[in-house]
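Here the structure is laid out as structure tokens; the discussion comes afterwards.
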Amino acid sequence: MSKSPAKLKLIKDDQPEDLSASQSPESMTSRAYTILKHDIISGKLKAGSKLKIEELRRQYDAGTSPIREALSLLTSDHLVERIDQRGFRVSSVSETEFAELLKTRCWLEAVALRESIQNGSQTWEESVVLANYRLSRIPRSQSSEVFIDNSEWETAHKHFHMTLLAECGSSMMRKFCDQLYDQNIRYRQLSGKSAYPSRDIAAEHNAIADAVLARDADKAVRLLVNHYQKTSGFLAQQLAED
């Protein structure tokens, strides 16, 4: 496994207890969880690959307990699978699983978006405009020649989509949508090579934002669902090529 660019500065298990005074076990686990999650959804840790505790300790300069606890948390996010008596591995990907993920996202976000449009204030509208503008200023790929994922774009993209749902009135709904978004990123990374540069994602985002600002819930939901479903076609193409 390659060294992560955002190497964790965690205290190893074999260090003296008093050195951990500035970092609680909870904070060390949280750090391990955050960086492991990032490396899984970005594709740095490949789908189906085994996650060996000792290798992860060395790679992330972390203790055994924080790594193990972080992996257990990631199983709840369906990003890691526990192998009976054999440890952990990155959750696999498949067209069948993606179809289920896509259907669930469309169901939940359609409801959440309608509620946001109904309940959203002027401040929320301004947040949608700003989130879309900031996203439009960031290139999708780090290269204009070939697709190289841009993490800055990914952060802004998630912020835009979560802003659309921010006024749905349910923190639980937002949490579910957030988790499903992260699961979807892994698939979008696979489809990116096929979709770029032919797909005009910025135009899709603009159309969704315009419908939201016009308070046209039916159109906004239709555009959002179509936006998600387009990924399915590109994903099938990429899996076939791979």
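The values are calculated or read from the model by the stated rules, or taken from the named source; none is laboratory data. If you're wondering where the values come from, they're calculated on a predicted model, not measured in any experiment. Neighbour counts run over all protein chains shown; Cβ positions are idealised from the backbone, glycine included. In case anyone asks, the SASA skips ligands and DNA or RNA and just uses the protein heavy atoms, side chains included. Shrake-Rupley method; radii C 1.70, N 1.55, O 1.52, S 1.80 Å.
Annotations
- Enumeration of residues in the range 194-219 that are surrounded by 16 or more Cβ atoms within 10 Å (Cβ to Cβ), at pLDDT below 95 and in contact with a helix residue (DSSP H, G or I) (Cβ under 6 Å, 6 or more places away or on another chain): S194, A195
- The residues of the range 179-193 that are open to solvent by less than 50 Å² (accessible area, probe 1.4 Å) and either modelled with pLDDT of 95 or more or charged (D, E, K, R) (or both), listed by number, are D182, R186, R188.
- Summed over the range 115-148, residues that are crowded, with 16+ Cβ neighbours inside 10 Å and either free of Cβ contacts under 8 Å to residues at least 40 places away in the same chain or basic (K, R) (or both) total 3.
- Qualifying residue in the range 149-156 (condition: surrounded by 14 or more Cβ atoms within 10 Å (Cβ to Cβ), among the small types (G, A, S) and touching a residue at least 60 places away in the same chain (Cβ under 8 Å)): no
- Residue list for the range 31-75, filter: under 17 Å from the mean Cα position of the chain (by Cα), of a type in the set (S, T, Y) and at pLDDT 90 or above: Y33, T34, T75
- Residue list for the range 90-110, restricted to those being modelled with pLDDT of 95 or more, touching a Leu at 6+ places or on another chain (Cβ under 8 Å) and open to solvent by 80 Å² or more (accessible area, probe 1.4 Å): none
- Among (1) over 26 Å from A47 (Cβ atoms); (2) not aliphatic (A, V, I, L, M); (3) not in a helix (DSSP H, G or I), the one test that F147 misses: (1)
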